[in-house]
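Just below is one structure, and these are the notes that go with it.
Here, each number is a calculation from the coordinates, and none is a lab measurement. Quick caveat, the model's predicted, so the values are computed rather than measured. A quick note on method: Cβ atoms are made from the backbone with ideal geometry, for glycine too, and the neighbour counts reach across all protein chains shown.
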Amino acid sequence: SPALELTALTKSYRNGPTALDDISLKIEQGSFCVVLGSSGSGKSTLLKCITGLVTPCRGEIRVKGRPMTRRNLRTIGMVHQDFGLSERLTSAQNVMAGAAAITPLWRILLQAYPLPVQRKACQLLARVGLTEAHANRRVKALSGGQKQRVGIARALITDPSLILADEPVASLDPRTSAEIMQLLKDAARERGAAVLCSLHQIDLARAYADRIIGLQGGHIIFDGPPAQLDRAA
Ligand code: ADP
Ligand code: ADP
């Protein structure tokens, strides 16, 4: 079954527009999909519906064939625009916190994660190019690019089949953005995870996406490989 399947997903905000209008799509295992659209096109609403932050008015969401519920949220890894990290914790502690859904609460309170989780956090931080010194440094002392590396490691710790990235490079400079996109793509591919990444930059979408889903006013107005973007509408 597909990594993600959306059927007739619709969301109208109470005092707002129809942010998503009858969206249906399937994302296959291992593919890197970019949701491309300008501000207000519905990108965040789409991702928030999948993670349950926004309740859709209609439609169905399936992850690996199963209806999305709070309980299987751990099968999704999330990368955030503002990194979604605790600034006062170290990089390693932030990555381990990504395993919260599968860790007893007392261990989180005492920062006493099981050894396999600690080891995995170290391995993931190394994979995203951070040293042991970075791992033990508080996040607030890191650059934006380093923070997003931690964000990616955090998203991967539960071995998710699907990674959702909401404008992951919006606050980074162009060079760092390219590094982060490459890292996200490679790390996901190594694990066979599908990625749904929202962007407003067409150059990054062209360079990294296997497939671009173009959103405008809550409608899909394009769905295909980057090369197809240049055909006349
Ligand atoms: P994007 O992520 O592409 O910028 P959004 O999903 O944030 O788009 O927004 C889609 C539309 O829904 C916009 O017109 C936005 O103003 C509106 N919208 C988003 N969140 C809310 C909300 N909580 N209440 C009302 N309208 C909203
Ligand atoms: P994004 O960067 O995701 O597009 P925005 O800056 O548009 O987000 O909005 C920030 C927050 O305000 C989001 O949580 C969004 O859902 C909410 N929001 C956006 N537009 C509206 C709106 N017209 N009315 C109420 N809330 C909104």
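Summary of values
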| item | result |
| --- | --- |
| Percent of C-alpha pairs per 10 Å bin, the chain, short to long | 8, 33, 35, 19, 4, 0 |
| Fraction of beta bridges assigned by DSSP in the chain that are antiparallel (%, nearest 5) | 50 percent |
| Listed residue pairs exceeding 31 Å between alpha carbons, taken from Lys64/Lys140; Lys26/Lys140; Lys43/Lys140; Lys11/Lys120 | Lys64/Lys140; Lys26/Lys140; Lys11/Lys120 |
| Folded to 0 to 90 degrees: helix 144-156 orientation relative to the chain principal axis, Cα | 90 degrees |
| Within the range 60-139, GluC sites (Glu not before Pro) in DSSP loop having at most 16 other beta-carbon neighbours inside 10 Å | Glu87 |
| Fewest-first ranking of Lys147, Lys43, using other Cβ atoms within 10 Å as the exposure measure | Lys147, Lys43 |
| Choice from Leu110, Leu36, Leu53 with maximal GNM fluctuation in the chain (Cα, 10 Å cutoff) | Leu110 |
| The range 33-90: C-alpha gyration tensor shape, a/c 1.5 cut-off, then a/b vs b/c | oblate |
| Point-charge dipole on Cβ atoms (K/R +1, D/E -1) for the chain, about Cα centre, debye to 20 | 840 debye |
| Folded to 0 to 90 degrees: helix 115-127 orientation relative to the chain principal axis, Cα | 60 degrees |
| Mean ellipticity per residue at 222 nm, deg cm²/dmol - from DSSP H runs of n ≥ 4 across the chain, formula -39500 (n - 2.57) | -9000 deg cm²/dmol |
